[in-house]
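Structure record follows, encoded as structure tokens.
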Amino acid sequence: MGLSTAFFLKLLHWILACSTGYPFYFLMLPAGLAISGLVIQYLEPDAKGYGIEKVIAAVHRHGGKIKAAIVPIKLLTTILTIATGGSAGQVGPCGQIGASLASVMAGLFRFDEKDRGKIVVCGLSAGFAAVLGAPFAGAIFGAEVLYVGSILYEILLPSIIAGITSYQIASLLGIHYQFLPFDFTPTLTEAFILKIVLSGIFFGICSLLVIEILKVGERFSDKLGKFLPLKGLIGGVMLIGMTLIFSKQFLGSGFETIQTALKGERIVFYAFLMKAIFTSITLNFGGSGGLIMPILFIGATSGSLFGDLLGLDRATFAAVGFVSLLAGTTNTPIAASILAVEFFGSAIAPYAAIACIVSFLMTGHRSVFPTQVLSFQKSTSVDVEIGSEMEDIRTAFKFRDRSLSGFLLRVIEKITDTIRKRHHAGKSDH
């Protein structure tokens, strides 16, 4: 996985250096998305969209079997998408390529279904680790992302070994990682903890927006039929128009904007929302790529906005948002908390963990990965079926007398009864 990721990242870097050297390179978006859609539709449909979702579906539905054809097709379509300006990242494709290679290895060594699933998850973890330079967060992400609310402990050790190994191999082959530790020495006060909790609520709402924007893009795309090349042309034209209206900063992975936000520099207030829209159009209209980097972009820029709104340090809350959006959208609060340590140092980690957990709870029973399986209720006031995939879940409110919602309902009922009695009393007097 370290070898494949290093090859992919170097190739992508070289092609981007060529394509982005032209100021209006994004005018190639309709052609890039259309060709990507054509290749996907006729050669390998599983290369469509973002890769991690396909890995989760393969483990849950197909015993971890992933076609070897995914490797070259995903490589080609992702490069076509990102090089022409599509809003997508590298983490998902590397994770899917890693999982596909692991599945091929499992077939060669005649692994049974259970062991094939384990090594596929290790491939996903290794791809995540090698792209971001976060071996432990990558290992935990693979073990946590399959089920909402539980971790596959039996694959923790092999997953960590795979993550560390792929990271070291990629580093030896010249992949450079830009860690962003900064001076963070907050005073531990109740007021600051409250701000962190409030930020977690805000990031949870932003996570909900991202999930819904992706769903709206998918529904809109479905109305246009099933011919992906045509969708690619339409999506490319839409992205060109939006780029001319707004900015080129919403194209590609957006790593430069992430760095700007984490340095505490001012970002336009609508950046997080526009990135979500750009990404939804790209990945639902023939494009292929990853969703993790756009999520990290949205987290950093929404954190910068939160800091601006409350007059707080933008860099601090950009870092907190960076990991909290990952926790909320993908239901992986532990991996996101560990990512905060690996990227920003241990000082900010406890506060980032609080925001990650709050964001995770705020999103409820939703996810950017519809085939994740729910293993616990996020709230006992919501009735859901445990063991279902997220896309099949139907929620219903369940009244609990001894709860905050129950207390508020009783208060409202008493106020309503008092008003009603006074109203009837007034009528009797007349």
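Yes or no: Ala143 within 30 Å of Gln377 (Cβ to Cβ), at pLDDT 90 or above, assigned to a helix (DSSP H, G or I) and of a type in the set (A, V, I, L, M)? Lay out the reasoning, then the answer.
Values: within 30 Å of Gln377 (Cβ to Cβ): yes; at pLDDT 90 or above: yes; assigned to a helix (DSSP H, G or I): yes; of a type in the set (A, V, I, L, M): yes.
Criteria met by Ala143.
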Residue count for the range 146-172, restricted to those that are part of a helix (DSSP H, G or I), of a type in the set (Ser, Thr, Tyr) and open to solvent by 20 Å² or more (accessible area, probe 1.4 Å): 4
Selection from the range 31-58 of residues in contact (Cβ under 8 Å) with a residue 60 or more places away in the chain and β-branched (Val, Ile, Thr) yields Ile35, Ile40, Ile52, Val55, Ile56
Taking only the range 24-54 into account, find how many residues are open to solvent by less than 50 Å² (accessible area, probe 1.4 Å) and at pLDDT 90 or above. 12
Report whether or not Lys195 is surrounded by fewer than 20 Cβ atoms within 10 Å (Cβ to Cβ) and either modelled with pLDDT under 95 or small (Gly, Ala, Ser) (or both). no
Tell me, which helices (runs of 4 or more DSSP H) wholly within the range 322-430 include 3 or more residues that are under 29 Å from Lys195 (Cβ atoms), at pLDDT 85 or above and open to solvent by less than 80 Å² (accessible area, probe 1.4 Å)? 333-344, 349-362
Tell me yes or no: at least one residue of the range 268-284 is over 19 Å from Gly85 (Cβ atoms) and at pLDDT below 90. no
Does the range 246-265 include one or more residues that are farther than 21 Å from His13 by Cβ and in contact with a Pro (Cβ under 8 Å, 6 or more places away or on another chain)? no
If Ala319 passes every condition in (1) open to solvent by 10 Å² or more (accessible area, probe 1.4 Å); (2) touching a residue at least 60 places away in the same chain (Cβ under 8 Å); (3) in a helix (DSSP H, G or I) but one, which one does it miss? (1)
Can you list residue pairs whose Cβ atoms sit under 7 Å apart, with the first residue in the range 59-76 being touching a residue at least 40 places away in the same chain (Cβ under 8 Å) and the second being open to solvent by 40 Å² or more (accessible area, probe 1.4 Å)? Count only pairs 6 or more apart in sequence or on different chains. Gly63/Glu113; Gly64/Glu113; Val71/Leu101
Residues (of a type outside the set (Asp, Glu), open to solvent by 10 Å² or more (accessible area, probe 1.4 Å) and in a loop (DSSP other than H, G, I, E, B)) located in the range 93-140: Phe109, Arg110, Phe111
Does Ile175 count as of a type in the set (Val, Ile, Thr), surrounded by 18 or more Cβ atoms within 10 Å (Cβ to Cβ) and not in a helix (DSSP H, G or I)? yes
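The values are calculated or read from the model by the stated rules, or taken from the named source; none is laboratory data. Keep in mind that what you see is a predicted model, and the values were worked out from it rather than measured. All Cβ positions, even for glycine, are placed from backbone atoms using ideal geometry, and neighbour counts span all protein chains on display. Just so you know, the surface numbers come from the protein's heavy atoms only, side chains and all, with ligands and any DNA or RNA stripped out. Shrake-Rupley method; radii C 1.70, N 1.55, O 1.52, S 1.80 Å.
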